[in-house]
Every structure is written in C-alpha cells, then in structure tokens.
Amino acid sequence: MNPKEEIYRNIKEFKLRAQMLEFTDTVETVSKACKLSGEPPNVIVKTLLMRVEDNDYIILIVRGDRRVDNIKLSRYLGSTAKLVAPDEVLRVLGVPAGAVSPLLSNVLRFRRLLDPKILEKEYVVCGGGDLNTLVRIVTEDLINYLKPEIVDVFK
C-alpha cells in the first residue's frame, strides 16, 4: 500500500474528519502549501523527524510559522536532537521529506511532540504522504489520533 492510500485508510478507519487535497504542483514547503491550499502559515503543520543523541527518533509536529527551539527541546528531552537528512527521512518513514504526514502509521512508532499553538486552530493542513497531496484535518481528531505530548519546545 502506498503512503497516500495508507493515510486515506487511516482517515476512514479512525473516522477522522479530514479531506485529502490533491495538486498538480508540489507542496513540500510551507510557502508552497500555503500558496496551493490558500491557507496561512499558522494553519499549515510540519511533521519533522529528528534523531536524539541515543539514536532514537522523535517526531515533532509544529505549526508552519514556527520553528524548533533546540535549547528548549534539549532541556525537555535531557539530550540533544537534530533534524535528519532527507535520505534518512525516506529510509525511516518511507516518504520523501516534503511528504511526511502525521497520519502515517510509521509516525505512531515514535515519541511525538506537538506544538501547543496548533490547538488554537479548529483545523490544520498537513502533509498527505506524497509531494502533491495535503490533508485538511480537524485539530481535535489529529490530537486524538496522535496522542502526542503537547509541549512548547518551539519558537
């Protein structure tokens, strides 16, 4: 099953209030996702794969207009973490870096930290499993699906 089909299956199986948005152009950056979806950066959600010092991976789900604060993150984790290279994203999650979705089943294998600012919006737009797809999802459903740690390690 390809990643996009997997996300569609998860939407159905978990009864998520979500809609897949398909585009002819690519959506691998926040600015491209904004342009094509018509949404502002504070509605776009980035899903980042990071490696912690002990070689564990963590997933960070951050609002499109914010960045990871490495100092806050290190304090919270008790060790440092760094963003992985695109080839490692593909190897670990099975999708290109610009296509990572919090709705991929692989994401649930890892510790998940979510930006509390995401909770300010009724819905968010996230990656859809390939470079031409986004998913608009009700924020409450995303939280219930991910069961993340909601912690402000962002700026």
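The numbers here are math on the coordinates, done by the rules we state, and not lab data. Since the structure is predicted, the reported quantities are computational estimates derived from the model, not experimental observations. Note that each Cβ is placed from the backbone with ideal geometry, even for glycine, and that neighbours are counted across all protein chains shown.
List the chymotrypsin sites (Phe, Trp or Tyr not before Pro) within segment 1-72 that fall in a DSSP loop (any state other than H, G, I, E or B) and whose Cβ has at most 15 other Cβ atoms within 10 Å.
Details: sites: Tyr8, Phe14, Phe23, Tyr57; in loops: Phe14, Phe23.
In loop regions of segment 1-72 (DSSP not H, G, I, E or B), the sparsely surrounded chymotrypsin sites (Phe, Trp or Tyr not before Pro) are Phe14.
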Exercise. What does the charge dipole of the chain about its Cα centre add up to, to the nearest 20 debye, if the Cβ of each Lys and Arg holds +1 and the Cβ of each Asp and Glu holds -1?
Worked result: 220 debye
Exercise. Most mobile of Ser105, Ser79, Ser37 per a Gaussian network model of the chain (Cα springs, under 10 Å)?
Worked result: Ser79
Problem set entry | Positive-end residue, the chain charge dipole about Cα centroid, Cβ charges, pick of Val151, Thr24, Val100 | Val151
Problem set entry | Residues in segment 110-135 that a label on Asp65 would reach, taking backbone N under 18 Å of a point 7 Å out along Cα→Cβ | 115-126
For this session: Consider a paramagnetic label point 7 Å from the Cα of Tyr76 along Cα→Cβ; state which residues of segment 98-117 have an amide N under 17 Å from it.
Result: 102, 108, 110-117
For this session: Could you work out, for segment 25-155, what percent of all Cα-Cα pairs fall into each 5 Å distance bin, beginning at 0 Å and stopping at the bin that holds the largest distance?
Result: 2, 11, 23, 25, 22, 13, 4, 1, 0
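What GluC sites (Glu not before Pro) in segment 116-155 are in a loop by DSSP, with at most 16 other Cβ atoms within 10 Å of the Cβ? The partial results should precede the final answer.
Working: sites: Glu120, Glu122, Glu140, Glu149; in loops: Glu122.
Within segment 116-155, the qualifying GluC sites (Glu not before Pro) (loop, at most 16 other Cβ atoms within 10 Å) are Glu122.
Rounded to the nearest 5, what is the percent of antiparallel bridges among the DSSP beta bridges in the chain?
On the way: 21 of 28 bridges.
Percentage antiparallel, nearest 5: 75.
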